[in-house]
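Accompanying notes for the structure given below.
Bear in mind these aren't lab numbers, they're just calculated from the coordinates by the rules spelled out. What you see is a predicted model, and the numbers here were worked out from it, not measured in a lab. Here the Cβ positions follow ideal geometry from the backbone for every residue, glycine too, while neighbour counts run over all protein chains shown.
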Amino acid sequence: MSQAGATGLSVLPIPGLPLFAAGDDLAGAIADALTTASITLRDRDVLVVAQKVVSKVEGRTRSLSGIRPGPSAIEVAARAKKDPAVVELVEGEAQALMRVAPGVIIARHRTGHVLANAGVDASNLAPGNHDSVLLWPEDPDASARSLRARLEARFGVRLAVIVGDSLGRAWRMGTMGTAIGVAGMRPVRDRRGEPDLFGRVLEATIIGVADEIAAAASLVIGEGAEGTPAAIVRGAYYEDADGDGGIGELLRPIEQDLFQ
């Protein structure tokens, strides 16, 4: 594809997906839904899948009634005004708690992402799970690689896959679709050294392509009762990547973090 980038972009929701539970075949369900909806995959399409369905099929649901908070979780919960059982899970998922205030815990997740509650969330869990929460996938990059391998084998095309979640952003209100795991693509596009429109050399421009694609997909995946946990983004420019590169290239190194 031309260095000029995409000439047009479309986002296709994948309809007809079921409510998922632990052990379900997510790749198979997506493949069947694509076929039923007569959506023909093309080379370089990007499949974006909501983190919650990946977590559900991977058995990452936890019952709060079985959690016994330790002294640290009890102390942090008092400061944050949160359930100590939830805070115990947050601490278990976090490298570090960055900020704690009433109603807010900002944590550096064990994968390196900085977000609220280390990704521990209770939204969009089915009735009967009223005392349960959902953790992020154990390895979102591995989840993306597995989906990519299954779907490429089924349809005979070259894909990229993004596992996305809606995260808050420093200095901004509202959440935005964000990539937490990738396969088949570099998550950034480093344009340093390229000329701009008037021939000046770009010196600092690195584009978070995976986040941009995840954000586009989130407009149709939604956050509430939409029931559409996956979408195809077509026409986006990205650089191919095979192997185990994953999301790490998109995460700012800790030594460059000016806000910790």
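Semi-axis lengths, largest first, of the ellipsoid equivalent to the range 99-187 are 28, 17, 11 Å, with √(5λ) applied to each eigenvalue of the Cα gyration tensor.
With 5 Å bins beginning at zero, the pair-distance distribution over Cα atoms of the range 27-113 amounts to 3, 12, 16, 17, 14, 9, 7, 8, 8, 5, 1 %. For the range 23-107, trypsin sites (Lys or Arg not before Pro) are listed when DSSP marks them as loop and at most 13 other Cβ atoms sit within 10 Å of their Cβ; the list is R42, K81.
A Förster distance of 25 Å, applied to the separation of the beta-carbon atoms of A122 and S38, puts the FRET efficiency at 0.10. Within straight-line reach of K52, meaning a Cα separation under 15 Å, sit the following aspartates and glutamates at least 8 residues removed in sequence or on another chain: D24, D25, D121, E138, D139, D141, D165, E223, E226.
Projected label points at L258 and E75, each 7 Å from Cα along the beta carbon direction, are separated by 3.2 nanometres.
A compact globular protein would have a Cα radius of gyration near 2.2 N^0.38 Å; the ratio found for the range 1-69 is 1.54. Mind pulling the angle between the C-alpha long axis of helix 71-80 and the longest principal axis of the chain? Nearest 10 degrees, somewhere in 0 to 90. Result, in degrees: 70. Computed about its Cα centre, the charge dipole of the chain is approximately 340 debye, with only Lys, Arg, Asp and Glu carrying charge at their Cβ.
Give me the base-10 log of I(q)/I(0) for the range 62-132 at each q in 0.16, 0.17 Å⁻¹, Debye formula, one uniform scatterer per Cα, rounded to two decimals. These q points yield log10 I(q)/I(0) values of -0.51, -0.58.
About its Cα centre, the range 62-132 has a charge dipole of approximately 180 debye under the convention of +1 per Lys or Arg Cβ and -1 per Asp or Glu Cβ, with nothing else charged.
Sort E152, E58, E239 so that the residue with the fewest other Cβ atoms within 10 Å of its own Cβ comes first and the one with the most comes last. All intermediate terms of the calculation are to be shown ahead of the outcome.
Values: E152 17, E58 22, E239 13.
Placing the least packed residue first, the sequence is E239, E152, E58.
Scaled to the globular estimate 2.2 N^0.38 Å, the Cα spread of the chain, given as radius of gyration, is 1.05.
Each stretch of four or more DSSP H residues adds -39500 (n - 2.57); spread over every residue of the chain, this sum gives -8000 deg cm²/dmol at 222 nm.
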